[in-house]
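The values are calculated or read from the model by the stated rules, or taken from the named source; none is laboratory data. The model shown is predicted, which means the values in this text are computed figures rather than measured ones. With ideal geometry, Cβ positions are generated from the backbone for all residues, glycine too; neighbour counts draw on all protein chains shown. These area figures cover heavy atoms from the full protein model, side chains too; ligands, DNA and RNA do not enter into them. Shrake-Rupley method; radii C 1.70, N 1.55, O 1.52, S 1.80 Å.
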Amino acid sequence: MKSHIERELKLQLEDEAQYAVLVAALGQVAGEGPRLAQTNVFFDTRDFALRRTSRAMVRIREEAGRFELTVKDRAARTGAGLVSRERTEALPPEEAQAVLRGARALSDLGHPLCRELGEELGAIFPIGGIANLRRTFTLSSGYVVEVDRTELPGRTDFEIEIELRDERQTLEGAREALIAALPGLDIASLPPSSPKYQRFLGG
């Protein structure tokens, strides 16, 4: 199990046209990494305690046949930045798939993070999911820009995320690096983007 404080800049894009302009511009100034197709399935208790209290976000993400359990909590927003505790653990595919189809309870798995979830939340179950296409671009300043196209229930969203992967990186530095890399686009006017889990819930 891994645990760290996640710091990320999250900016909302207006629509697919703005998304297309942004990724084209990034492609001209930064190297694009592999495109990542991700499926996120979220969890809650039978009485939707997590939804009601916003206590935590629990998900299993599948990416290229790999499954990872993630728990985010203690979230705090600072402008367009989001800071939260993130705990992650890789799950064997056969166990993850059994949980996702309802054959096993996540809290019954013997992994450290699963045991912690059982102690903290009790039994939790899948409540639905989203599909995400992530495109990544590395700026010359070292910041990695992730541009997401997310299929949510009833709509498609587009956003920019820059996760701070180095202690020397800052939220303001990330914004400034993006603005400097794309002087022809009005990056400064982009509004903050809410977490995907919040949008999945309809927020």
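Some observations on this one:
- So R87, is it out of contact with any Lys or Arg (no Cβ under 6 Å at 6 or more places or on another chain) and part of a strand (DSSP E or B): yes
- Test: D166 is at pLDDT 95 or above and out of contact with any Pro (no Cβ under 6 Å at 6 or more places or on another chain): no
- Qualifying positions in region 179-197 - in a helix (DSSP H, G or I) and touching a residue at least 40 places away in the same chain (Cβ under 8 Å): A181, I187, K196, Y197
- Flag for A20 being open to solvent by less than 30 Å² (accessible area, probe 1.4 Å), free of Cβ contacts under 8 Å to residues at least 40 places away in the same chain and either touching a Lys or Arg at 6+ places or on another chain (Cβ under 6 Å) or not in a strand (DSSP E or B) (or both): no
- Test: F48 is open to solvent by 80 Å² or more (accessible area, probe 1.4 Å), touching a residue at least 12 places away in the same chain (Cβ under 8 Å), among the aromatic types (F, W, Y) and under 30 Å from G122 (Cβ atoms): yes
- Some residue of region 119-141 being in contact with a strand residue (DSSP E or B) (Cβ under 9 Å, 6 or more places away or on another chain), without any contact (Cβ under 8 Å) to a residue 60 or more places away in the chain, surrounded by fewer than 17 Cβ atoms within 10 Å (Cβ to Cβ) and assigned to a strand (DSSP E or B): no
- Boolean, R104 is open to solvent by 20 Å² or more (accessible area, probe 1.4 Å), outside any strand (DSSP E or B) and touching an Asp or Glu at 6+ places or on another chain (Cβ under 9 Å): yes
- Residue in region 23-43 that is nearest to E68 (Cα to Cα), counting only those that are modelled with pLDDT under 95 and in a strand (DSSP E or B): E32
For (1) closer than 15 Å to P195 by Cβ; (2) basic (K, R), each residue gets a yes or a no:
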residue	(1), (2)
A37	no, no
R55	yes, yes
T70	yes, no
R85	yes, yes
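- Filter result (assigned to a loop (DSSP other than H, G, I, E, B), at negative phi and open to solvent by 20 Å² or more (accessible area, probe 1.4 Å)) within region 51-84: R55
- Region 153-193, residues that are open to solvent by 30 Å² or more (accessible area, probe 1.4 Å) and more than 21 Å from V23 (Cβ to Cβ): P153, G154, D166, E167, R168, T170, L171, E172
Let's see how each residue does on (1) in contact (Cβ under 8 Å) with a residue 12 or more places away in the chain; (2) β-branched (V, I, T); (3) open to solvent by less than 50 Å² (accessible area, probe 1.4 Å); (4) out of contact with any helix residue (DSSP H, G or I) (no Cβ under 7 Å at 6 or more places or on another chain):
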{"position": "L91", "(1), (2), (3), (4)": "yes, no, yes, yes"}
{"position": "L117", "(1), (2), (3), (4)": "yes, no, yes, no"}
{"position": "Y143", "(1), (2), (3), (4)": "yes, no, yes, no"}
{"position": "V147", "(1), (2), (3), (4)": "yes, yes, yes, no"}
